[in-house]
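Laboratory data are not the source of any read-out in this text; all were calculated from the coordinates shown. Predicted, not measured: the structure shown is a model, and the values here were computed from it. Positions of Cβ are generated from backbone atoms using ideal geometry, with glycine treated the same way; all protein chains shown enter the neighbour counts.
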Amino acid sequence: MTTATAPGLNRYLFTETGADSAALNVLGTLVHRFPDEGDYLIRVRRGDELVGSRLLAVSDDYHTIQATYDLASFDDAGDEPDGCSCEGDFDCIREDGVAVFHVGTGPGGYSVTVDPVGERRERREFDSDELVEDDLFSVLLLRPGRYAVRNEVDGAEMAVTVRYPDGRTDAARQDAELVTVDDDGFDAEAVELDPARGLSFLIEDPARIVVELDAADERAGDRVAPTGAGRRSPTLTVGSVVPFEPADHTAGEVEARLEDVGSASNLRALLVAERRGENRRAVVSVLREKLRDVARRTRSP
């Protein structure tokens with residue numbers, strides 16, 4: 001018997017059993033970075049139907065670093081805008097800012113494309129059907145059980161186990177588990193999580209990530225205990241994605257920044273940012289030395 005959720009809870013968080021980066025639902029969030037200034041047209045579809053579109057302006061003239069879109073709240077398509085005149089309804093972020101796409105409620109099934117408008121129409125900027133380098137797909141799994149994860153582009157697979165809750169762990173406050181997806185597949189064969197702990201996929205090569213429930217934990221049955229995560233969709237804050245741009249700093253400043261890293265999420269954010277900077281070798285060198293220090297201390301009596 002399925003338990004009723006309390007008022008204010010997003011019941012779709014407890015009824016969905018998987019996520020697809022190309023058919024977004026309440027369990028998934030997509031993050032795309034805009035490295036080039038310009039005007040962009042965001043189109044949102046549900047299945048084959050266009051449900052809405054918005055304009056996004058990207059420029060160093062703006063200070064906002066993040067634009068967040070609830071795909072379930074997009075207006076009917078109506079007349080699609082031709083370009084960004086900056087006189088109508090549009091969003092704006094600074095160059096190198098990010099757009100965060102999520103589904104606030106409902107059954108999901110949304111896809112997103114982003115195209116430049118005006119003189120730069122020749123190159124598609126983003127397509128949720130095929131994620132590319134630096135895109136991020138994050139999922140929030142609440143139902144205990146065993147999940148199969150697959151990259152539909154190259155067939156790579158990995159396993160995810162969501163443990164039965166022990167009542168003592170507040171997984172919603174834990175850092176998300178990060179898995180890198182490249183031409184060798186997933187950088188982890190298997191991952192174990194507590195319910196409501198995020199799982200993020202950092203894309204380095206083309207990917208469409210599908211997460212499916214393979215076998216539910218029998219102890220859970222149809223009952224999924226609501227958690228604090230049930231009052232929100234699993235959106236990401238920009239601070240967890242691009243808090244710091246190493247290209248703006250010297251190698252010494254990047255090294256000093258590493259000294260301030262105090263959590264896995266801070267380290268992950270630094271590494272994501274570092275991928276776009278010019279100080280990759282400096283950061284990797286410092287990280288390796290830190291790992292050597294840890295190993296030496298571990299071996300010491």
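Quick notes on this structure:
- Pairwise FRET efficiency - GLU122 versus ASP214, Cβ, R0 = 30 Å, nearest 0.05: 0.10
- FRET efficiency, GLU192 to ARG94 (Cβ-Cβ, R0 30 Å, nearest 0.05): 0.20
- Measuring r between the beta carbons of THR64 and ASP154 and using R0 = 41 Å, the FRET efficiency lands at 0.70.
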